[in-house]
Structures are given as structure tokens and as C-alpha cells.
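These notes concern the structure reproduced below.
The values are calculated or read from the model by the stated rules, or taken from the named source; none is laboratory data. Here the structure is a predicted model, which is why all the values come from computation and not from measurement. Cβ: placed from backbone, ideal geometry, glycine included. Neighbour counts: every protein chain shown.
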Amino acid sequence: MLSITQGNTFYETAVILSLAAVLGVVGQKLRQPLIIMFLATGILAGPAVLGVIHDHEQIALLAQIGISLLLFIVGLRLDLSLIRTTGPVALATGLGQIIFTAGIGFVICLGLGMSAISSAYVSVALTFSSTIIIVKLLSDKKEIDALHGRIAVGFLIVQDIAAILALVALTTFGTPLAEGQTAWGVSLLMAGKGIGLLLAVGFLMRYAMPRLLARLAHSQEMLILFAVAWAVLLAAASEWLGFSKEVGAFLAGVSLAPSEYRDSISSKLTSIRDFLLLFFFIDLGARLEWSTVGSEVGKAALLSLFVLIGNPLIVIAIMGYMGYRRRTGFLAGLTVAQISEFSLIVGALGVSLGHISPQTMGVITLVGVVTIFASTYMILYSQNLYQIFAKPLKLFERKNPYREASSNTAVETTVADAILVGLGNYGSGLAERLLERKMRIIGVDFDPQVLERWRARGISVLYGDIADPDLYEQLPMNHVRWVVSTVRSKDVNLALLHLVRHRGYDVKVALTATNPSEAGLYKQAGAHVVLRPFTDAAEQAADALMDTTDILPENVDWPVAFQEVRVKSGSVFAGQSLRHIPLRSEAGASVLAVSRAGRVHYEPEPDFQVYPGDHVILMGPPRMLKDADGLINKTENLEAANRLERFVIVELEVFTDSKWLGKTLADLQFRQRCGVTVVGIRRGQERITSPGPNESLQAGDRLIVIGTSDKISQLKCGVSA
């Protein structure tokens, strides 16, 4: 291998990329982030194993461009509003974790015999967690919008800002003083340069960038080229002023963050960033001196345990003190059980400045490998880990976790028909339709703003994550008919089904499926109803495309108008024949056609029944047709209709003094007189199903009767009388 690649940079790069691709596949099988595999590629290609890498300068150049793009995208995606939406917990947890981790880590490093400067670098490196890895893992688990996911992303942003400040401080105060310079003089000079750089970037953000980006946006290629050039240019300018390249690249991203094109730029550059970062981690792995790193394994192991256990405990303790439940703190805490690429960048900068030795950098790298590897599995199996540690974690939870309870409406005594889990776009739409049908609902969500909006409408709401089993203790599960989950997470929905069945709640469950396989799985698991937003929307869209609008005449000079009305499921006329809809008498309209499931029924007969989703084409005077929609979709009697049409099943006993005793079902005429049906008779150990009209009733018989709730109530009152 050495003889093939020596002296040929192209061959060398080809072998490195091939190794990276092979190890990347292995990493996917192990469910590991590519960072680990890239480091392994560098180790394999380095002098310690295969000896492939000789042209370190070329790889280092690509690595530096990759780091610049990484910081550029971090700045581009900087969303301070996310910190505000998660409340003070993001700032408090982010800063608290940095302070405690750095302080405790510094003491541990001193205890391990490291110098003060090495201890400082290592302790700072231990504080940062990888935003890239965490966001990817949470997104894959569909937890990025969960309560703990939002909090985690919030304090990861705080960490990113702190990392940038650390880089500024290192490059400002870490460079040796020249002859005649003083620390105060250098500080004032760097402060002046920094303020000047910020003012220049701010001026460009305000006056130049909007117009320039608007012109470049006509060509995607030019827009991306400009973004890369701007990131590298500002990185070079920052280094020329005495700061690090990373600071300039970060500011370049921040300068474009307010632009409407930032998402487009970010999405296009992400793959380029990932490709170039490959060379940073390969270069880092190749430069590890294993002859000296081997003696640091003990230190790395102890520090790794501190990161894997200590960092989560710090976050859990802070969040518990702030009034969050232990589960929320635990799941958020697992996201800091690792160190990040920022940690490696800080360490590499320390080596270049001569502050720390390659051995210390080796310790940081080993801690990175161990913690990223282990924490990935900790996050993937976080729910299982929580079940194991739930009881001892009670120590970190207040008696009243008020942060998660502060947005709740008292629901323990609330009478409701359904608990609706998830009030996002689909959930909110579903809630609107349920309220139109006079159903009483309790909403569950983790977004305080969404809950506030629904609470203002008088709806009972609960703040929390439905994946938390403790949340069910706060819900009136035994007093509702339905639990509806609009959460699109297979694991969460199956856990909901399991919990309902395990605890014996007498409710029906409706789950939301994202594909046919999920729908089948939910049905098999026992879901009463499976909601399919995408499939149902596609069917409605197909109906809309195949509706009757194409038969409407155009440019007809005639005093008549045509209007299409869609029959809503809440209409009192849904299921009724056309003769029962007073269109002609109240709107002066006639039904021209009805479109149903892509088929058009022209000039339907009076007995033609209309159903929800039908498109009815009306013809009539223009001034009167405007009221046709309201007429067809009249819902004012819906509450009474729902009450009357709700079927119940009861058992009624035939006593010895009953008027029913000795009479046949034909004599009693339950259906004709009472509007109910006898579907069975329980006579001792005998079960009579579908009893005939000549069946005589005996003392002790228990009739199984089905009917609407009002009819059953009247029948029961008659029995008691």
C-alpha cells in the first residue's frame, strides 16, 4: 500500500476515500455517527497502521475548509428564538452544565497529574456536545420536537456560542506577546479589531447582503458559490486580524442567517461540509501518536466516565431544580453524554499554539471516540434506560414539577369525550373538526404557545410528552371514550396501546400512521381506528381533481349561477336524500349533479342520498346561491343528533312482578313501541342469541338490549316504574 500511494496525491486520496466508504458502511451497521468511522479511517491510513497518508498539507487544507464550512453553517442556522421558546431552561442548563463540567473536570485533570494549562484545555473540551450528532439522532427517533428535544437543542445552541467565545479567547490571549507588547495593550488592540469586524459585518448584513443575495438567487450555482467564498473569505480575514478562521466563518454564517435564502444555502452546503469534514477527522486520526497515547488510556477512561455519567447528572439536577420532571431531565441529559467536534477543534488549536502536547490532544481524542460511541447507544435506547433508572432519579424531581404543570388546565375532574395527543398542524385540524361536532376534548402537547392558544378557547390542555408513562396519571383515562394520538412515532403509539391495555383503561384508541405498514401494525396491535393523514388527503385531492367543476359552463349569458358545495361530515343532511334538503324553497337552487369518489351522477333523483365528501353542483339565482353552502352544511342540531344517535347496550332483568313476565317478544314489540332491539337473553347458564319473536320471558331472564341512549333511558325508567 505504501509503494502504490507514495508520491501520488490522487492515488493517496482514492485509497483514503475507499477506506472511509467501507468503514462508513460498518458504522451504519453499528448505528454509529460517521465521525467515529472517519477517525478510524485516519488511524488505519496513518503511519501507525497502513502508512497511506504522506501529503498531510493537502489533507490539512481540505480539513480547514471543512471546519470553516461547519462554523459557517452553525452561524447560518443560529436561531436565538429557539432559546426564548424553551424558556430560561435552555440558557440556565447550557451555562450551568458548562460551568459545572469545566470546574469538576479541571479538578479531575489536576488530580490525574496534568498541568494547569492542559487541565484547562481538557476541562473546556469536556463541556461541548455535538449539535450535529444530537440533532441527527433525535430527528431519526422523531424526538426533535419533543419537550426534551427542544430543550436539548436550546442548550446546545448555548454551547455553540460558548465554543465560539472560547475560540476567540484562545486566539486572542493564547498567542505569545512580542517584544514591547503588554497584555492590556494586546487586549485593547484585539477588542478594537473585534468591534471593527463586527461593525463591518453588521453594515454588510444591513445594506449589502439583501440586495446581493436577491441578485445571486436567480442562479442556485452562483448563490452556493458565493456562500462558500464568503465563508472562506471572512475566515481568512479573521485569521489576518489575529482571530481564528473558525470565528470568521461563524460570523459569515450569522451575517446570512436573517436571509430568506438561508435554508436553501444550508441544505446545499451540508453535503459539502460533511465531505470536507471527513478530511479533518482523518487528519486528526492520522496524527495520533499511539506510542504516547497508550499511556493516557487510563486518564481517558476516567474522563469518559465523567462525561457519560457526570454530564447527564448535572443536566438532570439543574432541570429538576428548575421544576422539570425527572424523565424530561434524563432524556435531555443524555444528549450531553459526549464531547463534540468543537472539543477536537479546541484541542487542535491548543496544539498549534503550543499550549498542550500531542499526548493531551490524544486524551481529548480518545475521550471523544469513547463518549460518542457509547452515548449514541444511550440515546437510541433512552426509553429503556429510563425504565431502569426511573426510581433512583426520583431524587432529582421536585414534589411539584411546576414547569411542566404550569401550562396545564385542571383536567382531573374534566368531563370529556376524547383525549387528543398532539396539537400540531394535523392535530389542530382534527381538534377543530371534533369541536364542530360538539365533542369535548382534552389536548396534550409540549409546545406552550400551542397550549396557550387552545386554553384561550376554553379547552382543557396538559403540558407534557405522551411518551412519559407518568403523564397518564394526570389524565382522566377512565372517564373518556377515546384517546387519539396524532403523534407520528411508531414506538410512542405502540407504547400507548400497550399502556392502555396493561392498565385496563376502558377507552378506544385511535393512532396516526405514516404508511400502510404502520397502519397494518397498529390494527394488528389492537387500535380501534387508524388515521392516515397522507392517504386520506390524497384521496380527497383525487376527488377534487375528478369533481364536477369541469362540467360548469363558461361564458354563458344567462341570469343563472352555478356553485359547487362539498358536504361536510358534520352536516345534519349527511346521509339524507335530496328530497329532504330544502334547497329550492330556501335557496331557490336545483341540484345539477353530484360527484362522489371520481364519479359524476348527473341529474340525481330525489331519493339520491348525499354523504360526507360529496360535491354537489347547484344551479340557481346568483343572489340566493350564496346561502346554499350554509344550508347544506347546517350543523346547529348536531349536538342533539349526536346525543340521539349514540348507541348503548344494557342488561335488563325480568323480575317476578314484571309486566313482561310470560309475554313473548312479539307481544312486547320493543322495536315498534320503544325504539330498541333485544339482541340476546341470558337465562341462567344458557345464552340465547338472536331470540325469535315467540320467545317467552321468564323470571330471572336478563335481556341484552341495544338502542340510542335516550330510548334506553326511557325504557329503563319504564322498567323502574
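Just to be sure, is ALA200 part of a helix (DSSP H, G or I), in contact (Cβ under 8 Å) with a residue 60 or more places away in the chain, surrounded by 13 or more Cβ atoms within 10 Å (Cβ to Cβ) and assigned by TED's automatic domain parsing to the domain that holds SER255? Spell out how you get there, then give the answer.
Values: part of a helix (DSSP H, G or I): yes; in contact (Cβ under 8 Å) with a residue 60 or more places away in the chain: no; surrounded by 13 or more Cβ atoms within 10 Å (Cβ to Cβ): yes; assigned by TED's automatic domain parsing to the domain that holds SER255: yes.
It is false that ALA200 is part of a helix (DSSP H, G or I), in contact (Cβ under 8 Å) with a residue 60 or more places away in the chain, surrounded by 13 or more Cβ atoms within 10 Å (Cβ to Cβ) and assigned by TED's automatic domain parsing to the domain that holds SER255.
Table: residues versus (1) assigned by TED's automatic domain parsing to the domain that holds ILE712; (2) touching a Cys at 6+ places or on another chain (Cβ under 9 Å); (3) at pLDDT 80 or above.
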position: VAL616; (1), (2), (3): no, no, yes
position: GLY620; (1), (2), (3): no, no, no
position: LEU625; (1), (2), (3): no, no, no
position: ASP629; (1), (2), (3): no, no, no
position: GLU653; (1), (2), (3): yes, no, yes
position: TRP660; (1), (2), (3): yes, no, yes
position: PHE670; (1), (2), (3): yes, no, yes
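Please specify each residue of segment 348-371 satisfying the condition of being among the β-branched types (Val, Ile, Thr) and either outside the structural domain of GLY323 (by TED's automatic domain parsing) or surrounded by fewer than 23 Cβ atoms within 10 Å (Cβ to Cβ) (or both). Outline the logic, then answer.
Initially, segment 348-371 is screened for residues among the β-branched types (Val, Ile, Thr), giving 351, 356, 360, 363-365, 367, 369-371.
If the condition is that a residue be among the β-branched types (Val, Ile, Thr) and either outside the structural domain of GLY323 (by TED's automatic domain parsing) or surrounded by fewer than 23 Cβ atoms within 10 Å (Cβ to Cβ) (or both), then VAL351, VAL369, VAL370 are the ones that fit.
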Of all residues in segment 440-459, how many are touching a residue at least 40 places away in the same chain (Cβ under 8 Å) and over 26 Å from THR328 (Cβ atoms)?
-> 0
Which condition number in (1) surrounded by fewer than 15 Cβ atoms within 10 Å (Cβ to Cβ); (2) under 20 Å from LYS634 (Cα atoms); (3) modelled with pLDDT of 80 or more; (4) not basic (Lys, Arg) is the one that SER585 fails?
-> (3)
Looking at ASP465, ASP491, which is the one that is part of a loop (DSSP other than H, G, I, E, B), touching a residue at least 60 places away in the same chain (Cβ under 8 Å) and outside the structural domain of LEU147 (by TED's automatic domain parsing)?
-> ASP465
Mind checking which residues of segment 499-524 are in contact (Cβ under 8 Å) with a residue 24 or more places away in the chain, within 21 Å of GLY422 (Cα to Cα) and assigned to a helix (DSSP H, G or I)?
-> LEU499, ARG501, GLU518, LEU521, TYR522
Residue selected from segment 103-149 under the condition within 30 Å of THR512 (Cβ to Cβ) and hydroxyl-bearing (Ser, Thr, Tyr), by the criterion modelled with the lowest pLDDT | SER139
Flag for GLN28 being in contact (Cβ under 8 Å) with a residue 24 or more places away in the chain, outside the structural domain of PHE281 (by TED's automatic domain parsing) and not aromatic (Phe, Trp, Tyr) = no
Filtered residues of segment 5-53 (kept if farther than 22 Å from ILE339 by Cα and not in a helix (DSSP H, G or I)) | GLN6, GLY7, ASN8, GLY46, PRO47, ALA48, VAL49, LEU50, GLY51, VAL52, ILE53
Scanning for something in a loop (DSSP other than H, G, I, E, B) and modelled with pLDDT of 80 or more, does segment 700-712 turn up at least one residue?
-> yes
Report yes if some residue within segment 68-81 is touching a Phe, Trp or Tyr at 6+ places or on another chain (Cβ under 9 Å), at pLDDT below 80, among the hydrophobic types (A, V, I, L, M, F, W, C) and under 30 Å from LYS490 (Cα atoms); otherwise report no.
-> no
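Is it true that some residue in segment 175-198 is at pLDDT 80 or above and under 38 Å from the mean Cα position of the chain (by Cα)?
Restricting attention to segment 175-198, the residues satisfying the condition of being at pLDDT 80 or above are 192-193, 195-198.
After this cut, where a residue has to be under 38 Å from the mean Cα position of the chain (by Cα) as well, the list is 197-198.
Checked segment 175-198: at least one residue is at pLDDT 80 or above and under 38 Å from the mean Cα position of the chain (by Cα).
Among the candidates LEU451, LEU471, single out the residue that is closer than 20 Å to LEU138 by Cβ and outside any loop (DSSP other than H, G, I, E, B). Talk me through it step by step, then tell me what you get.
Details: LEU451 fails: closer than 20 Å to LEU138 by Cβ.
Within the list LEU451, LEU471, the selection yields LEU471.
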Yes/no for ARG455 being at pLDDT 85 or above, more than 19 Å from ARG326 (Cα to Cα), in the same structural domain as GLY427 (by TED's automatic domain parsing) and surrounded by fewer than 18 Cβ atoms within 10 Å (Cβ to Cβ) | no
Would you pick out the residues in segment 348-364 that are among the polar types (S, T, N, Q) and assigned to a loop (DSSP other than H, G, I, E, B)?
-> SER357
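Among the listed residues VAL484, VAL461, VAL444, which satisfies the condition of being at pLDDT 80 or above and touching a helix residue (DSSP H, G or I) at 6+ places or on another chain (Cβ under 6 Å)? Step through it out loud before you land on a result.
Details: VAL484 fails: touching a helix residue (DSSP H, G or I) at 6+ places or on another chain (Cβ under 6 Å); VAL444 fails: touching a helix residue (DSSP H, G or I) at 6+ places or on another chain (Cβ under 6 Å).
Within the list VAL484, VAL461, VAL444, the selection yields VAL461.
Does VAL49 satisfy being over 18 Å from PHE280 (Cβ atoms), β-branched (Val, Ile, Thr) and at pLDDT 80 or above?
On the way: over 18 Å from PHE280 (Cβ atoms): yes; β-branched (Val, Ile, Thr): yes; at pLDDT 80 or above: no.
In short, no.
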Out of all the residues in segment 413-434, which are of a type in the set (A, V, I, L, M, F, W, C) and loosely packed, with under 15 Cβ neighbours inside 10 Å?
-> VAL415
